[in-house]
Structure formats: C-alpha cells, structure tokens
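**Q** Handing you a structure now.
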Amino acid sequence: MTGPSPLLPALRSLEPLGLSLAACQGWATTLSGPQAERLAVPLERAFRGLDAAGADTEYLRSAAFPAHVTQVLRAAEVAESDAKVELLARALAGCVRRPGTPRVDRTQTLRLVEALSDRELHVLAEVFEFLDPLNPFADTLPPSLPLPTLGLSRDEGEAALLGLGQLGLLRRVAEGWQLTPLARSVLTLTGLGGVEHLFL
C-alpha cells in the first residue's frame, strides 16, 4: 500500500514512552485502509492518557506490540459501533501500561474484548451499578437483571449474562453470578466500569 498509515500520528505519541519510530515504520506502513482510519482518532485519544513513568518500554520494543496493534485493527474492522472501536483503543493503551498484579495476559484479554458483542459490552459495564463498588469481584449478581438504562427486558438481560458466562467473564454461583479473573483483566486493560465510564 502507498502513503503513510493513519495510525502513525498515534504511534508517534508513544515515542517518548520508548517506541522506536524507525523500528515501527516498517510494519506500520501496512496498517492502512478504512479500518485504520476508523481506529486512528480513538487510538490517539487513548494514548494521550499514558505517561512515560507508567509505560512498559520493554513491551513497546517487543514483537508483541505490533502483533497487538494488528489484532486491534482487525477487530476494529468488524466492530459494530464506535463505542466498540473506542474500547479496543483503550484496551491497546492498557497493554502499553506497565503490568501490575495480577498480571494481565494481553493477547488473551484483547481476544476477549474482540469477541464481546456490543450488547455484552454494555451489560458488562452496567453490572457495576449492581455490585459493591468497594469489592465488586466478591459481590454477587442476581440470576437475572432488569437493565432499564439499556432498554433491555429481564429476558434480554439474562441472555447477555449467559453470553458473558460463556466467554468466561461471569461464573455461576449459588446466588447468581460473579465476575471472574478474566473479567478483571478486561476491566484492567479497558477501564470499563471505572470513573470515566465508557457507556453510561
């Protein structure tokens, strides 16, 4: 393909964090097309919140980073909404942050974000309204939920919870549902359910 990738401005913003532009321009030039244009602005916005002190320089210089950029780009190509593209960009920005404890499996977590439907993403964000904000991973959701802010009936909400369960983000317990370690990984990378709520 000819011409610079629309993602280059976003990637350039990572240079102070340790990304070598000379190294990335070779693979970045192949990341063109409508999907790259769709991802470019959300990615630049997501990278803007990063700082050098919290960046994983080793990750930025590894082969994993361009692979993850490509993975997110493929997911953006088939994303159902701009909100999903925004979430993918935030997940990639989350990959750039220095890992904490427990350590997030970046590739697995990006794959989960890619697999989530728009409805499941909204429901995953919404469930935080029902959980203890001090310890959401120990709290339990009822078996079915009314989700009025999403315009979903109880049956539709339950179907979305089942979908989240099949992806391994919720697990069945005697009282209903609990978030899993995989859900913690998704929330850690994306900030979903945090102070700057993506959907609500």
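**Q** In region 116-138, how many are more than 19 Å from the chain's Cα centre (by Cα) and within 22 Å of residue 156 (Cα to Cα)?
**A** Selection size over region 116-138: 3.
**Q** Do the conditions hold for residue 110, that is, is it more than 19 Å from residue 151 (Cα to Cα) and either open to solvent by 10 Å² or more (accessible area, probe 1.4 Å) or under 12 Å from the mean Cα position of the chain (by Cα) (or both)?
**A** yes
**Q** If I ask for residues that are open to solvent by 10 Å² or more (accessible area, probe 1.4 Å) and either over 15 Å from residue 189 (Cα atoms) or not in a helix (DSSP H, G or I) (or both), which ones from region 49-59 would you list?
**A** The answer is 49, 50, 51, 52, 53, 56, 57, 58.
Residues checked against (1) of a type outside the set (D, E, K, R); (2) touching a Cys at 6+ places or on another chain (Cβ under 7 Å); (3) surrounded by 15 or more Cβ atoms within 10 Å (Cβ to Cβ):
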| residue | (1), (2), (3) |
| --- | --- |
| 90 | no, no, yes |
| 115 | yes, no, no |
| 131 | yes, no, yes |
| 134 | yes, no, no |
| 142 | yes, no, no |
| 151 | yes, no, no |
| 157 | yes, no, yes |
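**Q** Another one. Using the structure shown, decide if residue 110 is in contact with a His (Cβ under 7 Å, 6 or more places away or on another chain) and not basic (Lys, Arg).
**A** Taking the combined requirement at face value, the residue satisfies it.
**Q** Could you please find all residues in region 14-48 being open to solvent by 50 Å² or more (accessible area, probe 1.4 Å) and either of a type in the set (Val, Ile, Thr) or under 19 Å from residue 189 (Cβ atoms) (or both)?
**A** Across region 14-48, the qualifying residues are 29, 30, 41, 44, 45, 48.
Results for (1) at pLDDT below 85; (2) closer than 24 Å to residue 50 by Cβ, shown as yes or no for each residue.
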position	(1), (2)
97	no, yes
106	no, yes
137	no, no
154	yes, no
169	no, no
181	no, no
186	no, yes
197	yes, yes
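**Q** Being more than 12 Å from the chain's Cα centre (by Cα), more than 30 Å from residue 22 (Cα to Cα) and not hydrophobic (A, V, I, L, M, F, W, C) is true for just one of 66, 142. Which residue is that?
**A** 142
**Q** Same structure, new question: Filter region 60-108 for residues that are small (Gly, Ala, Ser) and assigned to a helix (DSSP H, G or I) and give the result. Let's see the steps before the verdict.
**A** Just the residues of region 60-108 that are small (Gly, Ala, Ser), to begin with: 62-64, 67, 75-76, 79, 81, 83, 89, 91, 93-94, 100.
Those that are small (Gly, Ala, Ser) and assigned to a helix (DSSP H, G or I): 64, 67, 75, 76, 83, 89, 91, 93, 94.
**Q** Residue 81: among the polar types (S, T, N, Q) and surrounded by fewer than 14 Cβ atoms within 10 Å (Cβ to Cβ), yes or no?
**A** Answer is yes for this residue.
**Q** Take region 20-41 and flag every residue that is in a loop (DSSP other than H, G, I, E, B), over 21 Å from the mean Cα position of the chain (by Cα) and not small (Gly, Ala, Ser).
**A** Matches in region 20-41: 29, 30.
The values are calculated or read from the model by the stated rules, or taken from the named source; none is laboratory data. Values in this document were obtained by computation on a predicted structure and should not be read as measured data. Glycine gets a Cβ as well: all are built from the backbone with ideal geometry, and neighbour counts include every protein chain shown. For accessibility, only protein heavy atoms count, side chains too; no ligands or nucleic acids. Shrake-Rupley method; radii C 1.70, N 1.55, O 1.52, S 1.80 Å.
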